[in-house]
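Student: Submitted below is the structure of interest, expressed as structure tokens.
The values are calculated or read from the model by the stated rules, or taken from the named source; none is laboratory data. Keep in mind that this is a model prediction, so the values were computed, not measured. FYI the Cβ positions are ideal-geometry reconstructions off the backbone, even for glycines, and counts take in every protein chain you see.
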Amino acid sequence: MTTLLITGGAGFIGSNLVRMVASAGQYRLIILDALTYAGNLENLSGVIDGTNVVFIHGSINDGDLLKRVFSDYSIDAVLHLAAESHVDRSIASAAPFIETNVTGTLCLLEAARAASVGRFVHVSTDEVYGTLGPDDAPFTEETPLQPNSPYSASKAASDLLVRAFVHTYGMDCVTTRCSNNYGPYQFPEKLIPLMTLNALEGKSLPVYGDGRQVRDWLHVEDHCRGIMLALEHGRSGEVYNFGGYGERFNIDIVHRIIELTGADTSLIAHVTDRPGHDRRYAIDPRKATSELGWQPVHSVEEGLAATIDWYRNHSAWCESVRSGAYLEYYAKHYGTSL
């Protein structure tokens, strides 16, 4: 059975990917996660079995640990999702983003190269392309990199490292770039879970500026299918964009959440916009469609309603995350480490 190393597997996208792949039973999964604030082992409850799905607590910056992981578990391929990803946090302090997204990716690439890993899939973001005007065509894989936040700059740097390892060392790497994800297990600092939980609790709904920033919403399950298609069918050295054909104004997403939760529009509170806020993202995913056979299957309307239902029906998970109790989950439930 092929063994995959999934970094950041206890995070939002990572845990959804682990659940999807584990349910298919075609791969052995080794999950490496540092369990920072955004890593939550409750996201993987009922999945880790210690045999076909193994959890290891550790950092991608730990070269000695990586060497042992690649050796002891005979890793065949890497799905690299570990990243600091919240723009607001990068504006407050850029250093952790450089440490994880740039230095950490370099450490992982070096370890994978030394172990002669067959394929390395690097999961990135559309934010590396910068911002679009209202009438601009969506981003393609040929769009120049023009990151505008410390977060997106760190991801662009990691993308270029992956490119360099392909061209310099002949590594078999594929890079994917996605639009804004939403779905189950997303940490409630991001727009959709924050607005959903606040609306359900009758709390203020803080909207940056006029709320007319445009995002292309992609359900996390569609993204995870794309990652696996890139692993299995992507061409080495190529970039594949995954977008949901779901451009919406942020304020319209907020209004729809209000409708679906039965909240009141008076909860909306327009707050000072964040510095350098990109106005519009949109992805053209036709390369992924033509080369990988990928298409999103979730519409924004259906996916958003299902996501709100998930948060409504998982109040214990929400309370654990918002109270910080989830930070103790690892110590109580798992001791797997190297």
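Student: I'd like to know if the range 274-281 contains one or more residues that are among the hydroxyl-bearing types (Ser, Thr, Tyr) and in contact with a Lys or Arg (Cβ under 6 Å, 6 or more places away or on another chain).
Tutor: yes
Student: Looking at the range 236-261, I want the residues that are farther than 14 Å from Gln213 by Cβ and have a partner that is of a type in the set (Ser, Thr, Tyr) and part of a strand (DSSP E or B) with Cβ atoms under 6 Å, at least 6 apart or on another chain. Which pairs are those?
Tutor: Val239/Thr175; Tyr240/Thr176
Student: Give me a count of the residues in the range 164-179 that are hydrophobic (A, V, I, L, M, F, W, C), part of a loop (DSSP other than H, G, I, E, B) and either at pLDDT below 95 or under 19 Å from the mean Cα position of the chain (by Cα) (or both).
Tutor: 0
Student: Quick check on my filter: what residues within the range 104-141 are within 18 Å of the chain's Cα centre (by Cα) and of a type in the set (Ser, Thr, Tyr)?
Tutor: Thr105, Ser124, Thr125, Tyr129
Student: So which helices (runs of 4 or more DSSP H) are wholly in the range 10-122 and hold at least 1 residues that are in contact with a Phe, Trp or Tyr (Cβ under 6 Å, 6 or more places away or on another chain) and surrounded by 19 or more Cβ atoms within 10 Å (Cβ to Cβ)?
Tutor: Counting at least 1 such residues, we get 12-24, 87-92, 105-114.
Student: Here's another thing I want to ask about it. Could you pull out the residue among Leu194, Leu161 that is closer than 30 Å to Leu41 by Cβ, out of contact with any helix residue (DSSP H, G or I) (no Cβ under 8 Å at 6 or more places or on another chain), assigned to a helix (DSSP H, G or I) and at pLDDT 95 or above?
Tutor: From the options Leu194, Leu161, the qualifying one is Leu194.
Student: Inside the range 208-326, counting only strands (runs of 3 or more DSSP E) that do not spill past its ends, which hold 3 or more residues that are surrounded by fewer than 21 Cβ atoms within 10 Å (Cβ to Cβ)?
Tutor: It comes to 247-249, 268-271.
Student: Just one of Glu142, Glu221 is of a type outside the set (Ser, Thr, Tyr) and farther than 18 Å from Gln295 by Cα; which is it?
Tutor: After ruling out the rest, the residue left standing is Glu142.
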